[in-house]
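Peer 1: Provided herewith is a single structure, encoded as structure tokens, for subsequent inquiry.
The values are calculated or read from the model by the stated rules, or taken from the named source; none is laboratory data. Predicted model, so just to flag it, every value in this text is computed and none were measured. Quick reminder, even Gly has a Cβ in these numbers, built from the backbone with ideal geometry, and neighbours come from all protein chains shown. All accessible areas refer to the heavy atoms of the entire protein, side chains included, with ligands and DNA or RNA removed. Shrake-Rupley method; radii C 1.70, N 1.55, O 1.52, S 1.80 Å.
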Amino acid sequence: MRAVIQRVREASVTVEGRVTGQIGQGLAVLLGVLEGDTREEAAFLARKLVELRIFTDEADKMNRSVTDVGGGVLVISQFTLGADCSHGRRPSFIRAARPDVANELYEYFLECVRSQFSGPVETGVFGAHMDFRLWNDGPVTILFDTAEMMRKG
């Protein structure tokens, strides 16, 4: 699984003119499920996300989690994170998981986040064309890749 995590002042996602998810301060997460990803990876990633200390404390150090600051989490499915751009000019998405598998792991990831986090967890609509707006705070943007993170421990 791959995720792009952004510390935001606010973020929202709209599908067909209707806001489906919206948060104030918190984390905006683009989540890509790749072929071969597992529930173990989804649970690992959810735990890392909720515990990630990228919000500043009184000393202006990144030392607080989204839980510590009372923020929200907005998770958007993003199959294009599985893009392979190594050949030619058009990305290949062959590494992205099939939609049925990706949706199941996306939903499981959301379940894991909600079980560990008491704040709001908002979403887009899986497989839909979405308009995503955010006000990045910092900017602070972190990349997660479970293939690398779990291998390194």
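Peer 1: Would you call Thr20 open to solvent by less than 80 Å² (accessible area, probe 1.4 Å), over 23 Å from Met150 (Cβ atoms) and either part of a strand (DSSP E or B) or touching a residue at least 12 places away in the same chain (Cβ under 8 Å) (or both)?
Peer 2: yes
Peer 1: Hand me the list of strands (runs of 3 or more DSSP E) wholly inside region 39-153 holding 2 or more residues that are open to solvent by 60 Å² or more (accessible area, probe 1.4 Å) and of a type outside the set (Gly, Ala, Ser).
Peer 2: 62-64, 131-145
Peer 1: Kindly evaluate Ala28 against the criterion of being in contact (Cβ under 8 Å) with a residue 40 or more places away in the chain, over 11 Å from the mean Cα position of the chain (by Cα), open to solvent by less than 10 Å² (accessible area, probe 1.4 Å) and under 21 Å from Thr67 (Cβ atoms).
Peer 2: no
Peer 1: A further question on this structure: Looking only at region 1-21, decide whether some residue is over 21 Å from Glu111 (Cβ atoms) and hydroxyl-bearing (Ser, Thr, Tyr).
Peer 2: Scanning region 1-21, I find at least one residue that is over 21 Å from Glu111 (Cβ atoms) and hydroxyl-bearing (Ser, Thr, Tyr), so the answer is yes.
Peer 1: So, one more: Pairs, please: C-beta under 9 Å, at least 6 apart or cross-chain, first residue farther than 17 Å from Glu41 by Cα and in region 91-102, second part of a loop (DSSP other than H, G, I, E, B) and aliphatic (A, V, I, L, M)?
Peer 2: The qualifying pairs are Pro91/Ala83; Ser92/Ala83; Phe93/Ala83.
Peer 1: Pairs only if they're at least six apart or on different chains, beta carbon under 6 angstrom, first in region 125-153 and within 19 Å of Phe109 (Cα to Cα), second part of a strand (DSSP E or B) and not β-branched (Val, Ile, Thr); list them, first residue then second.
Peer 2: Within 6 Å, the pairs are Phe126/Ser77; Phe144/Ala3; Asp145/Arg2.
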